Amino acid sequence: EQLQEEIQAYVAREGARQGIASRFVVQDAFPHSASTPALEARLEDAWRRKGLQVLPLEEPMRWSEDFGWYLGQVPGVFFGIGAGEACPGLHTSDYSFPDGLLPAALKAGQTALLLE
């Protein structure tokens, strides 16, 4: 919110200086999903011990919007099960869940539940 306010103030200030009007419309606003660091570290360590590969995201993913609401209320970890770069994107017409992911997904989920 602070960054958004600073950007809007800058644009308004610079626009006024140059005689340019501006208007802002916020769409699809949702809270960020930030995993609880201590839980994330424990889970990553447990997954590695179980032989699962852990690859932290280099950039935020928009598919986390619902989890931001949950993680604002309780500690938790947001994670996904990757199908590889050759797999069509989730929620696209070409996507079909790769059944070969099921063993790793089950192992990841069971490990997460055992940390409670």
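The values are calculated or read from the model by the stated rules, or taken from the named source; none is laboratory data. It should be emphasised that the depicted structure is a prediction, and the values quoted were computed from it without experimental measurement. Don't worry about glycine lacking a Cβ; one is built from the backbone with ideal geometry, like all the others, and counts go over all protein chains shown. These accessible areas exclude ligands, DNA and RNA; they are computed on the full protein's heavy atoms, side chains included. Shrake-Rupley method; radii C 1.70, N 1.55, O 1.52, S 1.80 Å.
Things to note:
- Here the range 68-90 is the region considered, the condition is being under 18 Å from G100 (Cβ atoms) and among the aliphatic types (A, V, I, L, M), and the residue that is least open to solvent (accessible area, probe 1.4 Å) is A83.
- Reported count of residues in the range 50-93, each being in a loop (DSSP other than H, G, I, E, B) and among the hydroxyl-bearing types (S, T, Y), is 2.
- One residue stands out among those in the range 17-60 that are in contact (Cβ under 8 Å) with a residue 60 or more places away in the chain and not small (G, A, S): the one that is nearest to V77 (Cα to Cα), which is L39.
Matching residues to (1) more than 18 Å from the chain's Cα centre (by Cα); (2) surrounded by 10 or more Cβ atoms within 10 Å (Cβ to Cβ); (3) modelled with pLDDT of 90 or more:
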position: T36; (1), (2), (3): no, yes, yes
position: L39; (1), (2), (3): no, yes, yes
position: W47; (1), (2), (3): yes, yes, yes
position: L57; (1), (2), (3): no, yes, no
position: D66; (1), (2), (3): no, yes, no
position: S93; (1), (2), (3): yes, no, yes
position: P98; (1), (2), (3): yes, yes, yes
position: E116; (1), (2), (3): yes, no, no
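- Against the conditions (1) open to solvent by 80 Å² or more (accessible area, probe 1.4 Å); (2) in a loop (DSSP other than H, G, I, E, B), F30 satisfies every one except (1).
- Restricting the range 1-26 to residues that are among the polar types (S, T, N, Q) and not in a loop (DSSP other than H, G, I, E, B), the residue that is surrounded by the most Cβ atoms within 10 Å (Cβ to Cβ) is Q8.
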